[in-house]
């Protein structure tokens with residue numbers, strides 16, 4: 001989608017994405033090697049009652065879904081960061097995850113009219129409807145110069 005196609009209140013849905021156990025463990029072994037992400041037997045005795053995905057992997061899945069649904073072919077070039085990130089429920093192997101992104105604000109930077117700023121909320125849900133990720137992101141877009149009369 002192009003920057004001009006985004007508008008406040010707009011909802012973009014994407015997915016589902018099914019997370020397999022091998023993918024969950026591989027990510028954790030590489031980037032978040034905590035036992036409740038990497039050791040299925042030990043995780044059964046843990047507070048979550050089984051293996052759970054890293055929250056960072058959950059963010060990566062959301063990024064993939066939004067990139068495929070909205071950012072491919074856009075003028076997007078970077079993000080300065082997130083206002084917040086929350087993981088209200090764990091993600092488990094076999095979960096089918098779907099994304100809902102809600103546009104909060106779109107504007108051109110007053111100091112640089114070729115910079116488009118998009119603030120949006122991403123929520124990831126598993127098939128039973130529980131929210132597993134909630135974040136607010138800012139995305140930057142390189143736009144053509146806008147002439148003013």
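Every number here is computed from the coordinates shown, using simple stated rules; none is lab data. This structure is a prediction, so every number in the text was calculated from the model and none was measured. Please note: Cβ atoms are built from the backbone with ideal geometry, for glycine as well, and neighbour counts cover all protein chains shown.
Quick notes on this structure:
- Taking 52, 117 and counting other C-beta atoms within 10 Å, the order from fewest to most: 117, 52
- Fewest-first sequence of 38, 138 by Cβ atoms within 10 Å of each Cβ: 138, 38
- Nearest 10 degrees, 0 to 90: helix 55-66 Cα axis against the chain principal axis: 40
- Most tightly packed first, judged by the mean number of other beta-carbon atoms within 10 Å of their residues, the peptides 84-90, 95-101 read 95-101, 84-90.
- Angle in degrees between helix 21-31 and the longest Cα principal axis of the chain, rounded to the nearest 10: 70
- Stretch gain in nm, segment residue 21-residue 78, where the contour uses 0.36 nm per residue and the Cα spacing is subtracted: 17.4 nm
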